[in-house]
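Chemist: What follows is a single structure, and I will ask about it in a moment.
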Amino acid sequence: MLFANGLVFLEDQGFVPAGFRVENGVFTEILPPEHRETDAVDLQGATVIPGLIDIHTHGNSGADFSDGDDQGLRTMARFLAAQGVTGFAPASMTLPYSTLRKAFATASRLRDEAPKGAARLLGINMEGPFFSEKKKGAQNAAYLQAPDFEAFRELYEGCGGLIRIVDLAPELPGAVDFARKASKLCTVSVAHTDADYEETAAVYAAGASHLTHLYNAMPGIHHRNPGVIGAAAEREGVYAELICDGQHVHPSAVRMAFKLFPDRICLISDALRCCGMPDGEYELGGQQVFLREGIARLEDGTIAGSAASLWDCLRNAIAFGIPRETAILAATRNPARQLGCDDRCGGIAPGKWADFLVCDGDLSRKTVYLAGEKLESPI
């Protein structure tokens, strides 16, 4: 099928007048704007961007990945697709290994069955339990563990290698050895940590290459103690997640993040089950979460995850002053790279899955396409 007369976002060129061909759910050609065929879909000059990829989302629509419920995960995937998030890596919580094992099994089933109308499950983000108690944030302290590679490997093999990101605090005993071993299997991320610069640098030297939700659940940067943020920012191979819901990070700090990590920011939602739901009381990793006026907090007032979708975060980043092209790459190509699947998704290019969004000029979402097929019931 040919899609013609669009303003198409291409990674190496930005927005260009173009068309493209889709065959068997995959982009096969990028075509010049003058190319026309009688049966082409006329995009009428609309803006076309790749489907978004959220590598850190816990839930939505009342469901949470850690519930280990098949139907709940499918509900999440359908909601995400309707929001323009065509690929995702659901994030687990700090919970017993038996609970994680059950949740990871549901991810394997969704990946294998790939139901129509649902976002693609591209991997698992194992957020916990290898965290610092001091910076646990909304993680449940009752289930915190020291880094345990054998336990991780058992979970990794049990879900067929679907874990694509695993998080840990560098100051914990065994963190360097864990990073050295686990980085041969997936992306290792620094998270929920009170580590200093030297401890963090050692973990990055051992193979870690990611930073979970920059600024949140870690020490702030200081000119005599650059800490986690300094150790990550100076390493060109380290990418940083950024929650851009307008609550977790001030707009000025959002702009600073894109300067600290040029071309290395991954926009994330860190959404909870309350995303897409009304104000009220919800659950997260065995703890109560209260959603009030768009902000999710624990009972003690600690801000938990967000109630925003990645689409909201992309629009926020642009509103905060991030160039459109930069923000789009942070929500598409960059997260795909960290999951190790940028050869298949995260851009509009021959050989990649034809997951894309048709938008107005101001990036108001109009239509979502999954594998070249129009999603019929967008939210």
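Chemist: Taking the Cα centre of the stretch 289-346 as origin and charging only Cβ (+1 Lys, Arg; -1 Asp, Glu), how large is the dipole, in debye to the nearest 20?
Modeler: Details: 7 positive and 7 negative charges, 38 e Å.
Dipole of the stretch 289-346, to the nearest 20 debye: 180 debye.
Chemist: From Cα coordinates alone, what are the radius of gyration and Dmax values for the chain in angstrom?
Modeler: My reading of the Cα-based Rg and Dmax gives 19.9, 65 Å.
Chemist: Could I ask something else about it? What ³J(HN,Hα) values, in whole Hz, does the Karplus curve 6.51 cos²θ - 1.76 cosθ + 1.60 give for the stretch 359-376 when θ = phi - 60°, with x put for Gly and Pro?
Modeler: Coupling constants for the stretch 359-376: 10, 6, x, 8, 6, 7, 5, 10, 9, 10, 10, 10, 6, x, 10, 5, 6, 7 Hz.
Chemist: May I ask you to work out the translational diffusion coefficient for the stretch 231-272 at 37 °C, viscosity 0.692 mPa s, via Stokes-Einstein with Rh from the Kirkwood sum over Cα pairs, reported in whole µm²/s? All intermediate terms of the calculation are to be shown ahead of the outcome.
Modeler: Details: Rh = 10.7 Å.
Answer from the Stokes-Einstein relation: 307 µm²/s.
Chemist: If the only charges are +1 at each Lys and Arg Cβ and -1 at each Asp and Glu Cβ, what is the size of the charge dipole of the stretch 52-346 around the Cα centre, to the nearest 20 debye?
Modeler: 760
Chemist: Okay, moving on. Taking the Cβ of each residue in VAL238, VAL16, VAL85, VAL48 as the centre, tally the other Cβ atoms inside 10 Å and list the residues starting with the fewest. Please report the intermediate quantities before stating the final value.
Modeler: Details: VAL238 19, VAL16 14, VAL85 29, VAL48 22.
The order, fewest Cβ neighbours first, is VAL16, VAL238, VAL48, VAL85.
Chemist: Farthest toward the dipole's positive end in the stretch 159-290, which of TYR197, ALA169, ALA182, given Cβ charges of +1 (Lys, Arg) and -1 (Asp, Glu) about the Cα centre?
Modeler: The listed residue farthest towards the positive side: ALA182.
Chemist: Something else about it: I'd like the Karplus ³J(HN,Hα) series for the stretch 221-234: coefficients 6.51, -1.76, 1.60, θ = phi - 60°, whole numbers in Hz, and an x wherever there's a Gly or Pro.
Modeler: 6, 9, 5, 9, 9, x, x, 4, 5, x, 5, 6, 5, 7
Chemist: Can you compute 3J(HN,Hα) from phi for each residue in the stretch 250-261, using the Karplus curve 6.51 cos²θ - 1.76 cosθ + 1.60 with θ = phi - 60°, rounded to whole Hz and x for Gly and Pro?
Modeler: 5, x, 5, 5, 5, 4, 4, 4, 5, 7, 5, 10
Chemist: So how do ASP300, ASP263 line up by other beta-carbon neighbours within 10 Å, fewest first? All intermediate terms of the calculation are to be shown ahead of the outcome.
Modeler: Working: ASP300 6, ASP263 12.
Listing ASP300, ASP263 from fewest to most nearby Cβ atoms yields ASP300, ASP263.
Chemist: Kirkwood-based Rg over Rh for the stretch 118-158 (C-alpha set), two decimals?
Modeler: 1.06
Chemist: Here is a follow-up. Which trypsin sites (Lys or Arg not before Pro) in the stretch 1-94 pass both tests, a DSSP loop state and at most 15 other beta-carbon atoms within 10 Å? It would help to have the intermediate numbers written out before the result.
Modeler: Values: sites: ARG21, ARG36, ARG74, ARG78; in loops: ARG36.
Taking the stretch 1-94 and a limit of 15 other Cβ atoms within 10 Å, the loop trypsin sites (Lys or Arg not before Pro) found are ARG36.
Chemist: What's the local net charge at ALA202, with K and R +1, D and E -1, over the other residues with C-beta under 11 Å away? Could the numbers behind the result be given before it?
Modeler: Working: positive: ARG180; negative: GLU171, ASP177, ASP196, GLU198, GLU199.
Summing Lys and Arg as +1 and Asp and Glu as -1 gives -4.
Chemist: Below 12 angstrom from the Cβ of ASP148, what's the summed charge of the other residues (Lys, Arg +1; Asp, Glu -1)? Display every interim value, and only then the final one.
Modeler: Working: positive: ARG153, LYS181; negative: GLU150, GLU154, ASP177.
Net charge around ASP148: -1.
Chemist: Follow-up. Run through the DSSP bridge list for the chain and note the antiparallel percent, rounded to the nearest 5. Mind dumping the intermediate values first?
Modeler: Working: 36 of 63 bridges.
Beta bridges within the chain, antiparallel portion: roughly 55 percent.
Chemist: Also: Could you work out which residue, out of GLU23, GLU37, GLU283, moves most in a Gaussian network model of the chain, that is, has the largest mean-square fluctuation with Cα springs under 10 Å?
Modeler: For the chain, modelled as a Gaussian network with Cα springs under 10 Å, the answer is GLU37.
Every read-out reported here was derived from the displayed coordinates using simple, explicitly stated rules and does not represent laboratory data. Predicted model only: the values in this text are computed from it and were never measured. Every residue, glycine as well, gets a Cβ built from its backbone with ideal geometry; the counts of neighbours run over all protein chains shown.
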